[in-house]
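Participant: Encoded as structure tokens, here's the structure I'll be asking about.
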Amino acid sequence: MAFDIEMIKNVYATMKERVDAARDVVGKPLTLSEKILYAHLWDGKPTTAFSRGKDYVDFAPDRVACQDATAQMALLQFMQAGKKKVAVPTTVHCDHLIQAKEGAATDLKHANNTSSEVFNFLESVSNKYGIGFWKPGAGIIHQVVLENYAFPGGMMIGTDSHTVNAGGLGMLAIGVGGADAVDVMAGMAWELKFPKLIGVRLTGKLSGWTAPKDVILKVAEILTVKGGTGAIVEYFGPGALSMSCTGKGTICNMGAEIGATTSTFGYDDSMERYLKATDREDVAEAANDIKEYLTADAEVYDNPEQYFDQVIDINLSELGPLLNGPFTPDLSTTVGKEMTDKAKENEWPMKVEWGLIGSCTNSSYEDLSRASSIAQQALDKGLKTKAEFGINPGSEQVRYTAERDGILQVFEKLDAKIFTNACGPCIGQWARYSDPKNAPKNSIVHSFNRNFAKRADGNPNTHAFVASPEITAAIAIAGRLDFNPMTDTLINENGEEVMLDEPTGWELPPKGFDVKDNGYLEPVEDGSGVEVTVNPTSERLQLLTPFEPIGSEVKGAKLLIKAFGKCTTDHISMAGPWLRYRGHLDNIANNTLIGAVNAFNKQTNFVKNQLTGDYGGVPDTQREYKKNGIWSVVVGDHNYGEGSSREHAAMQPRHLGVAAVIVKSFARIHETNLKKQGMLGLTFANESDYDLIQEDDTFNFLDLNEFAPGKPLHIEVVHTDGSKDTIAVNHTYNDSQIEWYKEGSALNLIKKQNA
């Protein structure tokens, strides 16, 4: 039986009435995305047609999921909300704080020793407030959610950008910051700008070496890392129907890399098969009763150009395997000659040192079985891997079943390291180097989702390429970036030329899934007697102090940094070794913007202190400003805050005294996070004004006392030579969000309302 089956049935019980009402209000057939959105309005039955990309709308998500790195701050905030229990089903998953090094057993033991304080805190808070808890080693949050909680037609939010993975089961699953999660856990509405809609029509059928991963790698090439911003991507067509549920999950998962709000597929037979295989026949039966409401109206898919803001066509029969990267997930290259030519032209290291399979993107049973078919061929044909090989199963259920069926043993015979059922190298939790900053230039290939510089191993010289598990396995065996398994031969131990055959595998385990201990802990019914303690001298955890409002008189604010080029949440708040401080705001603030490139000297973590004239680290400089009661300003380029949903990238600058972030454009989640923390997230009305900002600038906000929706603000930029420029900046704050600013944070407003 499924978790929360009664909640799911209640969602389905109201869906028909709400969708029918929405269709009448909108006056035309509906996409699946619109059906789910209108069925989850906070006010219930739809009475208004919302404008895509314009209207802010209050929603009522069905559930919340948190991973351990972000759950710490989310739960620290929830503890201040004055609630006895979470208002919607919520889970915490311990998957980020386990470093990959020796292998599963050793690494998990080490994590339990070094992070026991954090795990115990998360377990006790979960127990107290009615939150389901998944222990370290239970699995990667998004695979566990797909196996246990995702359901067609549902809406969920999660404190991780790859929450969108659940779209593979027909949900609208959206990554948010912890403050958004706190709203929903506290029983309040969740606000989202009504998304635009991008339709991706899939025709043909995947075959040979091409996998679902290649679909999203192609979409990333087409839309780029910001082309999906503010939009839901909805996949449809005969090609969609031919793919597995977990394959759909892979495609939705990497939608985070194009900036999409989320991605989804309509309910179909593959989802029904997956639900039944994962012991949720009750969900499948309930979904089948309202099947037509769990996909778009037929007219939409017949004439998609009339109903989507943009339509993309991809013929799966013509799609070949791709490698995306390095340093960005949208740089797409066809395996083979194109990669060979491009690698030579750009001097990418041709030798591949590691092949890594897993992460929340590609760690299903199907993924492992297809990759293992390549590994088995290597054994059968007398080949050894030229690159090192690492495997991260997605969940204990997947790991146990794959071990039972001999899949993991195939990898082990090729000397692969089987890491813990956790994120590991995908998020920088990989002890590959003792000194990553000075590590050599090299190439790796992985089936993960992100490949920003330093993302996997902390080494800025690691060129990471994203591929399907099948291609990753083949390239790990060949050890070369220019290897094309469809045309190239390899020399085996006997000196013979051999070729790899096309991969094979199973959509679902032929013998069914099995597991001895899935790692789940049910919370007690009444948590009032559960005590949650935080040691005041802890380096890992720190109770929060509410932020004071910034106010309407911001004068004499100093430029902290003008970031040059790409500035992701990894640049603003690095992961890797810093994950240990995710529950301690003051300690983790010491990594604030240390990865951002200073536009004036092209160095990282080296900015001018306007009080002394000296150069130093960004956090150190900012602490000087804060000590002297001086606000500061961060300036950035396009798509600022791209990447992870981590709200630390907003909370840390706020804690250190940054009043405003002014950029050419924002990534969606980061802009929301800034608003939630009571900061000013602003965009240049004229993008060229970015070039006006000088190293010693001071900012005077001229009309903050007139802060209002749709009304630009004006800033006087004072240069050291005495000259001044007055620039206009735009914002997307509505009345409610301006109240967050005035109160100091959204959480401050929640506490005030619950007082």
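Participant: Identify, among Phe600, Gln306, Gly53, the residue whose Cα sits farthest towards the positive end of the charge dipole of the chain, taking +1 on the Cβ of Lys and Arg and -1 on the Cβ of Asp and Glu, with the dipole about the Cα centre.
Facilitator: Phe600
Participant: A further question on this structure: Per-residue HN-Hα couplings for region 301-316, Karplus 6.51 cos²θ - 1.76 cosθ + 1.60 at θ = phi - 60°, whole Hz, x for Gly and Pro?
Facilitator: Running phi through 6.51 cos²θ - 1.76 cosθ + 1.60 with θ = phi - 60° gives 6, 6, 9, x, 4, 7, 10, 9, 6, 8, 10, 10, 10, 9, 8, 5 Hz.
Participant: OK, next. Count charges around Phe50 for me, please; just the other residues with Cβ under 15 Å from its Cβ, Lys/Arg as +1, Asp/Glu as -1. Intermediate values should be presented prior to the final figure.
Facilitator: Details: positive: Arg18, Arg23, Lys28, Lys35, Lys45, Arg52, Lys54, Lys193, Lys196; negative: Asp24, Glu34, Asp43, Asp55, Asp58, Glu191, Asp309.
Net local charge, Phe50 excluded: +2.
Participant: Also, quick follow-up: What shape does region 41-123 take by its C-alpha gyration tensor, where a ≥ b ≥ c are the square roots of the eigenvalues and a/c under 1.5 counts as rounded, a/b above b/c as prolate, and the rest as oblate?
Facilitator: prolate
Participant: Let me ask something else about it. Got a sec? Charge dipole of region 26-152, +1 on Cβ for Lys and Arg, -1 for Asp and Glu; which of Val26, Ala69, Asn112 is way out at the positive end?
Facilitator: Working it through, the farthest residue towards the positive pole turns out to be Val26.
Participant: Ranked from highest to lowest mean number of other Cβ atoms within 10 Å per residue, what is the order of the peptides 490-501, 668-679?
Facilitator: 668-679, 490-501
Participant: Using only C-alpha positions, report the orientation-averaged shadow area of the convex hull of region 541-664, nm², one decimal.
Facilitator: On the way: hull surface 30.3 nm².
Projected area, direction-averaged: 7.6 nm².
Participant: Among the trypsin sites (Lys or Arg not before Pro) in region 305-393, which ones are in a DSSP loop with at most 16 other Cβ atoms within 10 Å of the Cβ? Mind listing them?
Facilitator: Qualifying residues, ordered by number: Lys384.
Participant: Related question: Report, in listed order, any pair from Lys213/Lys413; Lys386/Lys441; Lys675/Lys752; Lys226/Lys664; Lys558/Lys626; Lys193/Lys562 with a Cα-Cα distance greater than 20 Å. Before the final figure, lay out the partial values.
Facilitator: On the way: Lys213/Lys413 26 Å; Lys386/Lys441 17 Å; Lys675/Lys752 17 Å; Lys226/Lys664 13 Å; Lys558/Lys626 11 Å; Lys193/Lys562 28 Å.
Pairs exceeding the cut-off: Lys213/Lys413; Lys193/Lys562.
Participant: Please report the Cα spread of region 598-645 along all three principal axes, rounded to whole Å, starting with the longest.
Facilitator: Ordered largest first, region 598-645 gives principal extents of 33, 24, 14 Å.
Participant: Quick one: pull the percent of accessible area on region 11-140 belonging to carbon and sulfur, 1.4 Å probe, ligands and nucleic acids left out.
Facilitator: On the way: 2090 of 4520 Å².
So the carbon and sulfur contribution to the accessible surface is 46 percent.
Participant: Work out Dmax and Rg for region 112-177 from the C-alpha atoms and quote the Rg first, both in angstrom.
Facilitator: According to the Cα coordinates of region 112-177, Rg and Dmax are 13.3, 40 Å.
Participant: Packing-wise, with mean Cβ within 10 Å as the measure, how do 31-43, 579-591 rank, highest first?
Facilitator: Result, highest mean first: 31-43, 579-591.
Participant: Summing +1 for each Lys or Arg and -1 for each Asp or Glu, what net charge is found among the other residues whose Cβ lies under 12 Å from the Cβ of Val19?
Facilitator: -1
Participant: Please turn the phi angles of region 527-535 into ³J(HN,Hα) values with the Karplus equation 6.51 cos²θ - 1.76 cosθ + 1.60 (θ = phi - 60°), one per residue in order, whole Hz, x for glycine and proline.
Facilitator: Per-residue couplings from phi come out as x, 4, x, 7, 9, 10, 10, 10, 5 Hz.
Participant: At a threshold of 8 angstrom on Cα-Cα distance, excluding pairs fewer than six apart, so keeping six or more, what relative contact order does the chain reach in percent?
Facilitator: Across the chain, relative contact order equals 14 percent.
Participant: State the Kirkwood hydrodynamic radius of the chain in Å, one decimal place, computed from all pairs of distinct Cα atoms.
Facilitator: The answer is 26.2 Å.
Participant: Going through the DSSP H helices of the chain, which span 27 Å or more along their own axis at the Cα atoms while scoring at least 0.5 as a mean Kyte-Doolittle hydropathy?
Facilitator: Helices meeting the criterion: none.
Participant: Can you show me the helix-derived [θ] at 222 nm for the chain, built from DSSP H runs with n ≥ 4 at -39,500 (n - 2.57) apiece and divided by the number of residues, rounded to the nearest 500.
Facilitator: -9000 deg cm²/dmol
Participant: Send over the per residue convex hull volume for region 174-302, Cα only, as a whole number of Å³.
Facilitator: 142 Å³
Participant: Here is a further query. For Lys101, what is the net charge nearby, where nearby means another residue's Cβ is under 12 Å from its Cβ and Lys, Arg count +1, Asp, Glu -1?
Facilitator: Summing Lys/Arg as +1 and Asp/Glu as -1 gives 0.
Participant: A further question on this structure: Looking at the square roots a ≥ b ≥ c of the eigenvalues of the Cα gyration tensor of region 102-225, which shape do they give, rounded for a/c under 1.5, prolate if a/b is larger than b/c, or oblate?
Facilitator: It is oblate, given that a/c is not under 1.5 and a/b is not larger than b/c.
Participant: I would also like to ask the following. Per the 1.4 Å probe, what fraction of the accessible area of region 627-754, in percent, lies on carbon and sulfur atoms?
Facilitator: 43 percent
Participant: Indicate the gyration tensor shape class of region 349-495 (rounded, prolate or oblate), computed on the Cα atoms with a ≥ b ≥ c the square roots of the eigenvalues: a/c under 1.5 is rounded; otherwise a/b larger than b/c is prolate and the rest oblate.
Facilitator: Oblate, because a/c is 1.5 or more while a/b does not exceed b/c.
Participant: Further question: Just the number, please: carbon plus sulfur as a percent of the accessible area of region 328-414, 1.4 Å probe, no ligands or DNA/RNA counted.
Facilitator: 44 percent
Participant: Grab every C-alpha pair in region 642-755, bin the distances at 5 angstrom width from 0 up to the longest one, and report whole percents.
Facilitator: Calculated over all Cα pairs of region 642-755, the distribution is 2, 11, 20, 22, 20, 14, 6, 3, 1, 0, 0 percent.
Participant: Follow-up. Could you give the dipole magnitude of the chain about its Cα centre, charging the beta-carbon of Lys and Arg +1 and that of Asp and Glu -1, in debye to the nearest 20?
Facilitator: Computed about the Cα centre, the dipole is about 1280 debye.
Participant: Let me ask another. What number comes out for accessible area per residue over the chain if the probe is 1.4 Å? Units Å², please.
Facilitator: Details: 26050 Å² over 755 residues.
In whole numbers, the chain has 35 Å² accessible per residue.
Participant: Using DSSP to define loop residues, name the trypsin sites (Lys or Arg not before Pro) in region 474-530 whose beta-carbon has at most 15 other beta-carbon atoms within 10 Å.
Facilitator: Lys511, Lys516
Participant: Counting pairs of Cα atoms in region 439-539, how many percent are more than 20 Å apart? Spell out each step's value before the answer.
Facilitator: Values: 3385 of 5050 pairs.
The calculated P(r) of region 439-539 puts 67 percent of pairs beyond 20 Å.
Participant: So, one more: I need the peptides 180-188, 219-227 ranked by packing, meaning the mean over residues of other C-beta atoms within 10 angstrom, with the highest value on top. Before the final figure, lay out the partial values.
Facilitator: Working: 180-188: 24.4, 219-227: 20.4.
For the peptides 180-188, 219-227, the packing ranking is 180-188, 219-227.
The values are calculated or read from the model by the stated rules, or taken from the named source; none is laboratory data. Just so you know, these numbers come straight off a predicted model, no measurement behind them. FYI the Cβ positions are ideal-geometry reconstructions off the backbone, even for glycines, and counts take in every protein chain you see. Accessible surface is based on the protein model in full, side chains and every heavy atom, while ligands, DNA and RNA are left aside. Shrake-Rupley method; radii C 1.70, N 1.55, O 1.52, S 1.80 Å.
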